[in-house]
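Worksheet for the structure shown next.
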Amino acid sequence: MGWTVEDAPWWTRAVVYQVYPRSFADSDGDGVGDLRGITAHVDHLADLGVGAVWLSPVYASPQVDNGYDISDYDDIDPVFGTMADFDELVGALHDRGIRLVMDLVVNHTSDEHPWFASSRASREDRRRDWYVWRPARAGHEPGTPGAEPTNWGSFFGGPTWTYDEGTGEYYLHLFASSQPDLNWENPQVRAEVYAMMNRWVDRGVDGFRMDVVNLISKDQSFGDGPVRADGLGDGSAYYVSGPRIHEFLAQMHQEVFAGRDGVFLTVGEMPGVTVEQARVFTDPARREVDMVFDFEHMGLDRGPGGKFDVRTLRLTDLKATLGRWQTGLADVGWTSLYWDNHDQPRICSRWGDGTPASAKALATVLHLHRGTPYVYQGEELGMTNAGLTSLDDYQDIESLNYAAAALAQGTDEAQVLASLAAMGRDNARTPMQWDASEHAGFTTGTPWLPVNPNHTTINVAAQRDDPHSVLSHYRRLVTLRREDATVALGRFDMLLGDDEHVYAFTRTLADDRLLVVANLTAKARQVDLGEDLTAATLVLTTHPGTVLDGPVLHLRGWEAVVVRLA
Ligand code: TEU
């Protein structure tokens with residue numbers, strides 16, 4: 001029956017904090033965050049109580065996709081500092097009992113990686129086969145529209161194939177054309193990746209967050225996919241959890257982690273993964289990954305037109321999805337819990353109403369689920385969407401590609417701006433808000449992305465010592481998971497599944513039972529749980545003065561409570 005209190009790994013009791021280095025803290029005034037900036041702020045992380053940091057990529061990179069395009073896996077990008085700065089950060093975290101999880105981006109490299117330079121140099125190069133090269137579609141003139149080997153559309157718009165004039169073939173890139181996919185069929189590629197991971201583990205890192213790792217195994221038949229809204233094909237059947245994915249992940253575990261002392265954390269970012277597949281990926285007996293990031297809940301507020309086709313979330317859909325993941329992994333496997341990351345809009349703006357109260361209520365719901373919660377920098381403050389109003393302010397490649405394509409197809413600019421304001425990735429990438437000073441204490445220079453004007457009120461300095469702040473609430477949630485075995489490991493049972501306003505569930509471990517009830521609207525609600533709460537004890541609340549008397553809870557707008565049932 002899953003992990004027990006005795007054998008549960010540390011990451012079942014811990015919260016992981018994601019640092020997006022570009023936007024966390026800038027130590028040298030160039031407007032871009034860096035490693036020394038992070039080291040200067042490790043006490044913020046210790047104060048929050050997190051067990052690990054996931055560091056988004058700091059490797060050498062042309063930064064076309066903010067570091068998710070790596071040109072040297074063994075070096076630090078100068079914009080972030082040096083290897084000595086990195087070692088110093090690891091030391092500062094470890095001194096405080098915080099582990100460090102690196103981002104591992106090995107579905108693709110940058111097109112500026114020397115491996116790709118050699119691969120594209122000639123068809124005879126010894127590294128030709130390290131990437132995915134295919135000839136033009138039969139009967140088509142290479143390099144002409146429609147001659148791509150398959151009809152697949154990429155995550156960042158346009159075809160997944162780019163024609164290389166020099167060698168007369170196409171290379172595959174599921175993301176931008178500057179992010180060529182590695183060919184995992186080639187055993188030398190796999191050996192290089194494992195050796196590189198081993199060097200980082202030897203250096204002291206405690207695990208990896210594996211970027212789109214369920215896309216690394218491609219079905220070698222490379223056929224067309226069904227046509228999507230943008231006219232290109234959906235190739236996901238050929239690369240989402242492809243034929244050899246379990247073999248590759250098991251091999252990675254064997255080559256990197258097996259035989260080492262210590263308990264590492266591996267989390268596979270897996271777009272399109274189902275709960276049934278996640279159960280296989282995270283079955284401890286199979287030794288593939290410890291947990292996954294799935295995207296099902298993140299897709300609930302979009303229409304058939306894709307990510308920028310924004311819809312209103314129905315709470316019942318969210319409950320059905322998260323509830324299915326909770327029960328699907330109850331006996332075998334584990335998962336991660338998240339609202340925010342560097343690719344998603346801010347939860348406080350997205351499913352809250354921008355207020356601190358909504359940030360606390362949503363945090364309570366997430367952190368009381370079973371799984372490992374991830375907090376993305378600034379989420380613990382209730383940071384909101386960027387509020388960018390001009391295309392000139394956007395930096396993100398996905399957003400810019402989308403805008404260019406939508407405008408070219410005749411969508412009006414106001415509509416494009418509205419979609420980006422709701423869903424664009426730069427919403428989460430504005431600088432961390434440390435204090436009320438100019439540029440929020442992030443930099444003394446000009447920030448690479450505008451600081452949110454609301455930093456004058458939403459910032460670390462203002463919240464640190466305020467017991468009612470969003471930050472203090474997150475601190476309590478982190479502590480609760482560490483100290484309360486029922487929060488960490490208890491069984492999850494959804495209540496009121498049909499209610500569009502209130503999110504409620506219980507967590508049970510042996511005869512200990514916690515009840516979680518959250519009003520996810522701004523309007524006061526009465527909830528009758530059919531169970532007398534008079535003798536229950538209050539574990540946590542978002543609003544002071546919660547009254548427990550009888551079966552009816554009177555919840556104020558965005559009020560969330562956790563009670564221990566008698
Ligand atoms: O993201 C993968 C992914 O599937 C999406 O979240 C994607 O970024 C996009 O928003 C889909 O609409 C990972 C990284 O987290 C992301 O930052 C990278 O851009 C991407 O992989 C490529 O490495």
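Just a few scattered comments:
- For the range 1-127: rounded, prolate or oblate by the Cα gyration tensor [a/c cutoff 1.5]: oblate
- Here residue 523 is the anchor, and the aspartates and glutamates within straight C-alpha reach of less than 17 Å, apart from those fewer than 8 places off in the same chain, are 353, 499, 500, 559.
- Excluding same-chain neighbours fewer than eight residues apart, the lysines reachable from residue 218 by a Cα-Cα span under 26 Å are 307.
- Label zone of residue 493 (point 7 Å out along Cα→Cβ, amide N under 15 Å): in the range 319-342 this covers 327.
- Paramagnetic reach from residue 221 (point 7 Å along Cα→Cβ, amide N under 20 Å) across the range 237-254: 237-247
- Percent of Cα-Cα distances greater than 13 Å, calculated over the range 137-178: 47 percent
- Net dipole in debye of the chain [+1 Lys, Arg Cβ; -1 Asp, Glu Cβ; about Cα centre; nearest 20]: 1220 debye
- Carbon + sulfur, % of accessible area of the range 1-142 - ligands and nucleic acids excluded, 1.4 Å: 48 percent
- Reducing the range 224-266 and the range 314-371 to their Cα centroids gives an inter-centroid distance of 24 Å.
- Percent accessible area from carbon and sulfur atoms, the range 378-436, protein chains only, probe 1.4 Å: 49 percent
- 5 angstrom amide H check on residue 53, placed H, neighbours 5+ away: 17, 99, 100, 101
- A Stokes-Einstein calculation at 25 °C with viscosity 0.890 mPa s, built on the Kirkwood radius of the chain over Cα pairs, returns a diffusion coefficient of 100 µm²/s.
- Projected label points at residue 230 and residue 28, each 7 Å from Cα along the beta carbon direction, are separated by 3.5 nanometres.
- Distance from the range 480-505 to the range 172-217 (C-alpha centre basis), Å: 36 Å
- Each residue of the range 384-398 was assigned a 3J(HN,Hα) from its phi angle through the Karplus expression (A = 6.51, B = -1.76, C = 1.60, θ = phi - 60°), giving 10, 4, 5, x, 6, 10, 10, 4, 5, 7, 6, 10, 5, 4, 5 Hz with x at Gly and Pro.
- Distance from the Cα centroid of the range 411-451 to that of the range 546-566 is 37 Å (rounded to whole angstrom).
- Local electrostatic count, residue 525, Cβ distance below 11 Å [Lys/Arg +1, Asp/Glu -1]: -2
- Taking amide H positions as modeled 1.01 Å from N, with prolines and chain starts lacking one, the residues under 5 Å from residue 495 and 5 or more places away or on another chain are 504, 505, 506.
- Length released on extending from residue 437 to residue 255, taking residue separation times 0.36 nm less the Cα-Cα span: 60.7 nm
- Residues residue 280 and residue 8, FRET efficiency given R0 of 25 Å [Cβ-Cβ distance, rounded to 0.05]: 0.75
- Estimated FRET transfer efficiency when R0 is 30 angstrom, pair residue 444-residue 302 (beta carbons, to 0.05): 0.15
- Relative to the current alpha-carbon distance between residue 88 and residue 330, full extension at 0.36 nm per residue lengthens the span by 83.2 nm.
- Per residue accessible area of the range 355-505, 1.4 Å probe, in Å²: 35 Å²
- For the set 346, 314, the ranking by accessible area, highest first and with no ligand, DNA or RNA atoms included, is 314, 346 under a 1.4 Å probe.
- In range of the label at residue 72: residues from the range 98-117 whose backbone nitrogen is under 18 Å from the point 7 Å along Cα→Cβ: 105, 109-117
- Normalised by the number of residues in the chain, the mean separation of alpha-carbon contacts (under 8 Å, six or more apart) gives a relative contact order of 13 percent.
- Cα lying deepest toward the dipole's positive end in the chain, options 119, 362, 39, charges on Cβ: 362
- Residue-wise HN-Hα coupling along the range 482-488, computed from phi with Karplus coefficients 6.51, -1.76, 1.60 (Hz; x: Gly, Pro): 5, 9, 10, 5, 5, 5, 6
- For residue 72, nonlocal amide neighbours, meaning residues 5 or more places apart or on other chains whose placed amide H falls under 5 Å from its own, are 60.
- Residue-wise HN-Hα coupling along the range 169-186, computed from phi with Karplus coefficients 6.51, -1.76, 1.60 (Hz; x: Gly, Pro): 10, 9, 10, 8, 8, 5, 10, 5, 5, 8, 10, x, 6, 6, 9, 6, 5, 7
- Three-way shape call for the range 437-554 based on the alpha-carbon gyration tensor, with the a/c threshold at 1.5: prolate
- Carbon plus sulfur fraction of accessible area for the range 168-304, probe 1.4 Å, in percent: 48 percent
- Solvent exposure, largest accessible area first (probe 1.4 Å, DNA, RNA and ligands not counted), of 209, 475: 475, 209
- Legend: calculated FRET efficiency, residue 134 to residue 185, from the Cβ-Cβ distance at R0 = 22 Å, rounded to 0.05, equals 0.95.
- Between residue 538 and residue 144, the distance separating the two model label sites (each 7 Å from Cα on the Cα→Cβ line) works out to 7.4 nm.
The values are calculated or read from the model by the stated rules, or taken from the named source; none is laboratory data. Worth saying up front: this structure is predicted, and the values here are computed from it rather than measured. A quick note on method: Cβ atoms are made from the backbone with ideal geometry, for glycine too, and the neighbour counts reach across all protein chains shown. With ligands, DNA and RNA removed, areas are computed over all heavy atoms of the protein, side chains included. Shrake-Rupley method; radii C 1.70, N 1.55, O 1.52, S 1.80 Å.
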